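In what follows, a structure is listed as structure tokens, so that the remarks can point back to it.
The values are calculated or read from the model by the stated rules, or taken from the named source; none is laboratory data. If you're wondering where the values come from, they're calculated on a predicted model, not measured in any experiment. For neighbour counting, all protein chains shown are included, and Cβ atoms are generated from backbone atoms with ideal geometry for every residue, glycine included.
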């Protein structure tokens, strides 16, 4: 669409323009429109981020416009409830019922843990958060709703009972259709504020980092060429410290230098777990990743989860650690864990290739 300046309060534009999938209903109805159309577009964008396609998209523009006018769309069950609520509040047919930009900014959707930075891997996969906030912010792509405790955190105790009665927890796996839904309001009490987030929005962290840069003597810094800085060797270094070969029946289990552990199964699927089992990643044979915990996971993975824990216990209690004299470098809590991609066993050695690009060769004579 085109950007337009609102010259005075209450001015309504009459021009019909914009991308069909993101046009607000008042534009199509030609009754005049204003700033509220941008809120509508935000709802379409947020929906697209979660679902992968616009909410009103059809095979032809005419049908798309019909659905837009009716505010007729479906939110899949995989979308977290707090996001469903925000999307519903943004995609109101009546512009007066939509959230204002200030209400959007204050919405509980944006009150979760916000890290000061993210690794590049976050562009392709959900990041790992520190264990202190992991339980409140990690939401598997296979989960169908928020837990009661998380709902309490977002919308306050007073709304939990009503939300449960109205099916807001979305525990069952189903999608629901939205049509001219009423706006959902929230309690603005202190209980809804995230105690973990600093009041200065991490300005203190930024100030500290800049101060260190300005006071550091450049001559004392290790000289690293630009080429080396971009080299894979500059990424966190992992290696396999233990492994157990059950490939005749199941696959190979392994233990990484940061104490995380995983299994590469014979069907080319993979499981990798943090040392505290707080987050487990499952990669299917096509490379599609999903995240879960050791306490809540897809029932179809029960056998593989059992093998993962069995391999871990066996390696922990029976095997020596390779490279035990090497001190692992510090790894950011949010760095993506590598997985074993390929391995090959020969008479004199074993070869591992990790997903982060590290090639490891262990000679059996060194482990005698």
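Annotation: residue 294 fulfils all but one of (1) without any contact (Cβ under 8 Å) to a residue 40 or more places away in the chain; (2) at negative phi; (3) out of contact with any strand residue (DSSP E or B) (no Cβ under 8 Å at 6 or more places or on another chain); the unmet one is (3). Is at least one residue of region 22-34 free of Cβ contacts under 8 Å to residues at least 24 places away in the same chain and touching a helix residue (DSSP H, G or I) at 6+ places or on another chain (Cβ under 9 Å)? Scanning region 22-34 turns up at least one residue that is free of Cβ contacts under 8 Å to residues at least 24 places away in the same chain and touching a helix residue (DSSP H, G or I) at 6+ places or on another chain (Cβ under 9 Å).
In this structure, does residue 39 turn out to be touching a residue at least 24 places away in the same chain (Cβ under 8 Å) and under 21 Å from residue 108 (Cβ atoms)? Taking the combined requirement at face value, the residue satisfies it. For region 270-280, a tally of residues being touching a residue at least 60 places away in the same chain (Cβ under 8 Å) and in contact with a strand residue (DSSP E or B) (Cβ under 7 Å, 6 or more places away or on another chain) returns 3. Among the numbered conditions (1) farther than 17 Å from residue 238 by Cα; (2) modelled with pLDDT of 90 or more, the only one that residue 295 does not meet is (2).
Quick check on region 17-33: of everything there that is in contact with a strand residue (DSSP E or B) (Cβ under 8 Å, 6 or more places away or on another chain) and assigned to a loop (DSSP other than H, G, I, E, B), which residue is surrounded by the most Cβ atoms within 10 Å (Cβ to Cβ)? Among them, the one singled out is 24. Once region 236-268 is narrowed to residues that are outside any strand (DSSP E or B), buried (at least 17 other Cβ atoms within 10 Å of the Cβ) and out of contact with any helix residue (DSSP H, G or I) (no Cβ under 6 Å at 6 or more places or on another chain), the residue that is modelled with the lowest pLDDT is 236.
Only residues that are in contact (Cβ under 8 Å) with a residue 60 or more places away in the chain, loosely packed, with under 15 Cβ neighbours inside 10 Å and not in a strand (DSSP E or B) were counted across region 55-74, and they come to 1. Filtered by the rule that a residue be over 22 Å from residue 289 (Cα atoms) and in contact with a helix residue (DSSP H, G or I) (Cβ under 8 Å, 6 or more places away or on another chain), region 348-368 gives 348, 349, 350. Please tell me if residue 151 is buried (at least 18 other Cβ atoms within 10 Å of the Cβ), in a helix (DSSP H, G or I) and either at pLDDT 60 or above or in contact with a strand residue (DSSP E or B) (Cβ under 7 Å, 6 or more places away or on another chain) (or both). So residue 151 does not fit the description; no.
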